[in-house]
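Working notes, structure below.
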Amino acid sequence: MKIKVDVSACIAAGQCALTAPDMFDQRDDDGTVVLLSEEPAPAHEHAVREAVSLCPAAAIDLTP
Amino acid sequence: MREQDGLTRVQLQHGDTAWLVTRYDEVRAALSDPRISADITNPRLPVAVHGRPTFARMDDPDHARLRRVFTSAFTVKNVNLMRRAIETVVDRTLTAFAGGRNPADLMRGYALPIPSQVICLILGVPYEDHQFFEEHSATLFDQGLPADRKQAALTALYTYTHRLLTDRLTAPSPGLIGQQAVLIARGELDLDEAAVSTMALLVAGHETTSSMIALSTLVLLQHPDQLARLRDSDDPTVVARAVEELLRYITIAETAAVRVATDDVEIGGHLVRKDEGLMMCLPSANRDGKFAGADDLDLGRDARGHVAFGFGVHQCLGQNLARLELQIALPVLLRRLPGLKLAVPLEELRMRLGILSVDELPVTW
């Protein structure tokens, strides 16, 4: 699984950082998404999928 | 209505029609579609009161430009840094409330002062002005009041935040007002726009969370088994889950998400034509079959994904702050006042619609 984030679409709601804190953070200056790792360890895959479905701005994409 | 269809054409008071969007998937689809606009200057938007537009009532790029001024303050990390300050506010407020008259109004004594003090801290608004801004905010949300009263309240609040910002243009000052004053002085932010945003944050920051604290307490008092689950757990994940479920179950923002199509859009098998209005029924979406047994309050369920904070680019800016305030304020109230109960029959409570709330919540313990 590979994660891609679209910072220009991100609205800094923070749902990803709340749901999968090991994979996502928020920038200090504007709260937009920071991807901590492009390939989640299997243990984090479920949380990443949750984050994708919770993101209000569809700013996270997964490729198998 | 929701069971039959996701979108239903409804007749509005002044003769126009609009779409009422009642299902979870359709609400999410509509709120995340860039052709569905929140622009309040569009005369086809089905809302009654037209004040100065806040960024919540603008489309991108203006919406994004103005929202971005505040996003850093409301990140998960920065909100968590407020935990100690919020705990102090909650503890002080609860100590005063528990030591005061019994029975008492939980709204005025607990539910309102907590978010009011917290948003003052964040913005840098003097809390001694709370009666002024609380009263005018209440006027904005009182559906029984005529439009001219609401307009007057809006003007008073706008004049107030405008003055706070102006006073601080020359002296460094704390909070988001100070931060905006720096941007204004540098020519990077417009003073009038900043005053509108600050007003919106001040109002939304205390009105909504106070409603949620009061209504959560009310709902829990009617579900003693669920109340016990929240009261008896010191596991933060249990508390967080419970708060998500209360947000879903209550969904105070009944009429906030109003939109207009700027192009023909297909949603849920219906063709919504350009210039047609849409009203999102967030409470209905949150009782959709997506949530099994949706009409039951179940603090153990995974209610994440609810649309109580809306969805799309306008999703609530302060959602992480609201979550934290509720996670702190609710369990401690139930623990410190274990005998808490309503002091009047349920039917005597006056519910306020629009942003769902109660005028008063008389309790005894």
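The values are calculated or read from the model by the stated rules, or taken from the named source; none is laboratory data. None of these values were measured; they are calculated from a predicted model. Cβ placement follows ideal geometry from the backbone for every residue including glycine, while neighbour counts extend to all protein chains displayed. In case anyone asks, the SASA skips ligands and DNA or RNA and just uses the protein heavy atoms, side chains included. Shrake-Rupley method; radii C 1.70, N 1.55, O 1.52, S 1.80 Å.
Some notes on this structure:
- Percent of C-alpha pairs per 10 Å bin, the stretch B:188-323, short to long: 10, 34, 31, 18, 7, 0
- Inter-part distance where the stretch B:207-282 and the stretch B:314-365 are each reduced to a Cα centre, Å: 14 Å
- For the options B:347, B:244, B:276, a Gaussian network treatment of chain B with springs between C-alpha atoms closer than 10 Å singles out B:347 as fluctuating the most.
- For the stretch B:216-255, convex hull of alpha carbons as volume per residue, Å³: 60 Å³
- Chain B, helix-only ellipticity at 222 nm - DSSP H runs n ≥ 4, -39,500 (n - 2.57), divided by all residues, nearest 500: -15000 deg cm²/dmol
- In this view, the solvent-accessible surface of residue B:216, computed with a 1.4 Å probe and all protein chains in place, comes to about 0 Å².
- For the stretch B:1-56, the solvent-accessible area with a 1.4 angstrom probe is 56 square angstrom per residue.
- Among B:249, B:127, B:110: highest mean-square fluctuation, GNM of chain B, C-alpha pairs under 10 Å: B:127
- On a per residue basis, the convex hull of the C-alpha atoms belonging to the stretch B:168-246 measures out at 125 Å³.
- Trypsin sites (Lys or Arg not before Pro) within the stretch B:1-85, DSSP loop, no more than 16 other Cβ atoms inside 10 Å: B:35, B:44
- Computed with the Debye formula from one identical point scatterer per Cα of the stretch B:13-133, without solvent, the log10 of I(q)/I(0) at q = 0.13 Å⁻¹ comes to -0.85.
- Global form of chain B, assessed from the alpha-carbon gyration tensor, a/c cut-off 1.5: oblate
- Inter-part distance where chain A and the stretch B:153-171 are each reduced to a Cα centre, Å: 37 Å
- Helices that extend 18 Å or more along their long axis by alpha-carbon positions and average at least 0.0 on the Kyte-Doolittle scale are, among the DSSP H runs of chain B, B:83-98, B:191-222, B:236-250, B:319-336.
- Each residue of the protein assembly as shown gets 150 Å³ once the volume of the Cα convex hull is shared out per residue.
- Listed residues B:14, B:162, B:223, most fluctuating in chain B (Gaussian network, C-alpha, under 10 Å): B:14
- Cα-based Kirkwood hydrodynamic radius, the stretch B:12-76, one decimal, Å: 13.9 Å
- For the segment B:57-69, counting C-beta atoms of other chains within 10 Å of every residue's C-beta and taking the mean gives 1.
- Interface of A with B. Using a 1.4 Å probe and counting protein heavy atoms only, the two chains hide about 1500 Å² of accessible surface, both sides summed.
- The residues of the stretch B:123-271 expose, per residue, 42 Å² of accessible area to a 1.4 Å probe.
- Straight-line reach from residue B:77: taking Cα to Cα under 14 Å and skipping same-chain neighbours fewer than 8 places apart, the aspartates and glutamates in range are A:22, A:25, A:28, A:29, A:30.
- Percent accessible area from carbon and sulfur atoms, the protein assembly as shown, protein chains only, probe 1.4 Å: 52 percent
- As a calculated quantity, the FRET efficiency between residue B:77 and residue B:185 at R0 = 30 Å, using C-beta atoms, amounts to about 0.65.
- Computed with a 1.4 Å probe on the full set of protein chains, the accessible area for residue A:18 sits at about 80 Å².
- In this structure the amide hydrogen of residue A:32, modeled in the peptide plane, comes within under 5 Å of the amide hydrogens of A:27, none closer than 5 places in sequence on its chain.
- Computed about its Cα centre, the charge dipole of chain B is approximately 660 debye, with only Lys, Arg, Asp and Glu carrying charge at their Cβ.
- Residue-averaged [θ]222 nm for chain A, counting only DSSP H segments that reach four residues, each worth -39500 (n - 2.57): -6000 deg cm²/dmol
- Based on alpha-carbon atoms, the Kirkwood radius and the radius of gyration of chain A give Rg/Rh equal to 0.92.
- About the Cα centre, charge dipole magnitude for the stretch B:196-349 (Lys/Arg +1, Asp/Glu -1 at Cβ), debye: 380 debye
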